[in-house]
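First comes the structure, then the notes that go with it.
The values are calculated or read from the model by the stated rules, or taken from the named source; none is laboratory data. A quick note: this is a predicted structure, and the numbers were derived from the prediction, not measured. Surface areas here come from the heavy atoms of the whole protein model, side chains and all, with no ligands, DNA or RNA. Shrake-Rupley method; radii C 1.70, N 1.55, O 1.52, S 1.80 Å.
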Amino acid sequence: VYNAAPAWGVTVGDALAVPDPLLTQHQHQHQGQTFSFLGVRVPSPLSLVVNGRRPPASALAPPRLALSNPSAPP
């Protein structure tokens, strides 16, 4: 689940509904082997339904600002 707060999560036994899933087929090759699997992307924990309820606002990770200046000396 993208953008989930570090302290938030679901546990084994929770009923989880994904109203608008984005299903993606992944294929990767490594050392002569091919790995293929399906992934479900959920952009926000607030879009889920856990045990019949929406998660609280605290389930969403706070925004972070990351700056970089590639021309600055190290």
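Give or take rounding to whole Å, what are the principal axis extents of the alpha carbon atoms in region 1-49, in descending order?
Cα spread of region 1-49 along its principal axes, largest to smallest: 39, 23, 22 Å.
Can you give the relative contact order of the chain as a percent, counting alpha carbon pairs under 8 Å and 6+ residues apart? All intermediate terms of the calculation are to be shown ahead of the outcome.
On the way: 98 pairs, mean separation 27.5, N = 74.
RCO, the chain: 37 percent.
Which residues' amide hydrogens lie under 5 Å from the amide hydrogen of LEU60, considering only partners 5 or more residues apart or on another chain, with H built in the peptide plane?
ALA5
Would you kindly find the accessible area of LEU65, with a 1.4 Å probe and non-protein molecules such as ligands, DNA and RNA excluded, rounding to the nearest 10 Å²?
Here the residue's solvent-accessible area equals roughly 150 Å².
Assuming 0.36 nm per residue, please report the length gained on full extension of the stretch VAL49 to TYR2 beyond their Cα-Cα distance. Write out the running numbers ahead of the final one.
Details: separation 47, 0.36 × 47 = 16.92 nm, distance 1.49 nm.
Gain on extension, VAL49 to TYR2, equals 15.4 nm.
Using only the heavy atoms of the protein chains and a 1.4 Å probe, how would SER36, SER68, SER44 rank by accessible area, largest first? Numbers along the way, then the final one.
Details: SER36 70, SER68 110, SER44 25 Å².
I get SER68, SER36, SER44, largest accessible area first.
Could you give me the ³J(HN,Hα) list for region 3-14, computed from phi with Karplus coefficients 6.51, -1.76, 1.60 and θ = phi - 60°, whole Hz, x at Gly and Pro?
So the J values, rounded to whole Hz, are 6, 7, 5, x, 8, 9, x, 10, 10, 4, x, 5.
Tell me the accessible surface of VAL42 in square angstrom (1.4 angstrom probe, heavy atoms of protein chains only), to the nearest ten.
For VAL42, solvent-accessible area is about 10 Å².
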